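The values are calculated or read from the model by the stated rules, or taken from the named source; none is laboratory data. Predicted model, so just to flag it, every value in this text is computed and none were measured. Neighbour counts run over all protein chains shown; Cβ positions are idealised from the backbone, glycine included.
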Amino acid sequence: MQCDFDDHWHEECGVFGIYSDVEAAEKTYLGLYALQHRGQESAGIASTDGKTIALKKGLGLVWSVFADPQAMPRLQGNAAIGHNRYSTRGASDIVNAQPICIESHLGMMALAHNGTITNASELRSSLQARGAIFQTTSDSEIVLHLMAHSREQSFLDILRDALEQLQGAYSFVLLTPERLIAVRDPFGFRPLSLGSTETGHVVASETCAFDIIGAEYIRSVEPGEILEIDAQGMRSYQLSPAGRQSACIFEHIYFARPDSFVFGEKVDKVRRLLGRELAREAPCDADIVIAVPDSGNTAALGYARESGLRYEIGLIRNHYIGRTFIAPHQDKRKLDVRVKLNPVRGVVGGKRVVLIDDSIVRGTTMRQIVQLLRSKGAVEVHVRISSPPIGHPCYYGIDISEKAELIANSRSTEHIREYIGADSLVYISTDAMLRTVEDGSTYCTACFTGNYPAAVPAGFKKIGF
Ligand code: SF4
């Protein structure tokens, strides 16, 4: 039996690329290891020695995919890309693991993608009508087929021609025997940063992947920017601009690691400010502040600092069960969040507790946590959430939820408070959330407001899941 106690949205992928490094594949492995939180269901590396592309990918965590002692020696060369993938829709099939590698009249190419192509169904049908045969059910493969079918002549024009047909969210790394390409969509939904090593360049979804290999952060890849890195150096090109930049604010709230930079800002700093803003908007007459670990930790520190309340570690998380828990011979009804979290009675007993978390999706986990805290003697539980209510699905690279699964889509905050059994419940406002970043107008807030910055085709259905 498998139980999922993680009531969060999930990022669907992490990408990494490196050019001009004699240990390209080994450093890609380490980069993927640092990006493991962005996808735990498959991992892969493609590398090139300048003539051909070698590929190794598989299902599972990074370490397990590359545990085979033969795997790394096969990944020769001084340039590589890597990918971690998350999927909740059942098709965590090896066929959909990335990088995706194809050979066409353009030669060999490998691609790793973070995002969601919202017009994938139409593009796929049109390519199939023109004879394309797809290896995967993933939307990411479409880019390679669009390139193979382009009538443009130069590599850059072919790439641009393919990218300009895409709608939605994409941060790509693309490898050919001659070059590494990094691209962000014109809205800039998903993050991608550029760094330098002693001998070349590196790109990654988050900068924690630079730290682990000793690379230096240079800057964020700009929305709509194509970076081409080869033996001649690095060149930057620009796609046609989007209406407005729309970086995913949820990267700061939850997805990204607090030790990373994303969109040119420190995640830890933004997350603490979210806690501070929450404390200003929703103060509480209480004794202690605790977090739902690990996702609420940093915002809880900000809340405690601003409110003057004592920060305590009141919930202990079991780090060894992963996202899901396999429980043979158990009645599912007996399994609850206690498998993952346990309150510290000596900390919460007899206390009025402010409980901080980053978001509420279905509310089922929060309801159990509140019950657990009361069972260990908490006399009041006041829930504070460092994102506004999530009332709308995300179509831009996040584990998509149907509206019906989002408790805030159909229930008022008071109804949700009643459901989770808290003494009070307050979410941060959208305005306060946007005050925590340098320029709030450059961020997407669609899952809170329903204002989608990029068109989502009617009847959109994600393919590949
Ligand atoms: Fe991020 Fe929400 Fe926008 Fe999706 S809809 S990109 S989760 S802010």
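See the values below:
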| item | result |
| --- | --- |
| Residue that is outside any strand (DSSP E or B) and under 22 Å from residue 297 (Cα atoms), where the choices are 370, 383, 354 | 370 |
| Residue in segment 383-402 that is surrounded by the most Cβ atoms within 10 Å (Cβ to Cβ), counting only those that are more than 13 Å from the ligand (Cβ to nearest atom) and in contact (Cβ under 8 Å) with a residue 12 or more places away in the chain | 386 |
| Among the residues listed as 166, 159, 194, the single one being of a type in the set (A, V, I, L, M), assigned to a strand (DSSP E or B) and under 30 Å from residue 446 (Cβ atoms) | 194 |
| Close pairs (6 angstrom Cβ cut-off, 6 or more residues apart or separate chains): assigned to a loop (DSSP other than H, G, I, E, B) in segment 65-92, among the acidic types (Asp, Glu) and modelled with pLDDT of 95 or more anywhere | 76/49; 77/49; 78/21 |
| Lone qualifier among 338, 280, 333 - being of a type outside the set (Gly, Ala, Ser), outside any loop (DSSP other than H, G, I, E, B) and at pLDDT 95 or above | 280 |
| Tally of residues being at pLDDT below 95, under 21 Å from residue 12 (Cα atoms) and of a type in the set (S, T, N, Q) across segment 366-418 | 1 |
| Unique match (being in a strand (DSSP E or B), aliphatic (A, V, I, L, M), over 21 Å from residue 163 (Cα atoms) and more than 16 Å from the ligand (Cβ to nearest atom)) among 229, 290 | 290 |
| Which numbered condition residue 193 misses (of (1) of a type in the set (Ser, Thr, Tyr); (2) surrounded by fewer than 19 Cβ atoms within 10 Å (Cβ to Cβ); (3) farther than 24 Å from residue 54 by Cα) | (2) |
| Test set (1) over 30 Å from residue 185 (Cα atoms); (2) in contact with a helix residue (DSSP H, G or I) (Cβ under 7 Å, 6 or more places away or on another chain) - residue 359 fails condition number | (1) |
| Of all residues making up segment 101-119, the number that are closer than 14 Å to residue 145 by Cα, hydroxyl-bearing (Ser, Thr, Tyr) and surrounded by 21 or more Cβ atoms within 10 Å (Cβ to Cβ) | 0 |
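Quick grid of which residues meet (1) closer than 18 Å to residue 395 by Cβ; (2) at pLDDT 95 or above; (3) outside the structural domain of residue 118 (by TED's automatic domain parsing):
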{"position": "134", "(1), (2), (3)": "no, no, no"}
{"position": "137", "(1), (2), (3)": "yes, no, no"}
{"position": "148", "(1), (2), (3)": "no, no, no"}
{"position": "158", "(1), (2), (3)": "no, yes, no"}
{"position": "161", "(1), (2), (3)": "no, yes, no"}
{"position": "168", "(1), (2), (3)": "yes, no, no"}
{"position": "182", "(1), (2), (3)": "no, yes, no"}
{"position": "186", "(1), (2), (3)": "yes, yes, no"}
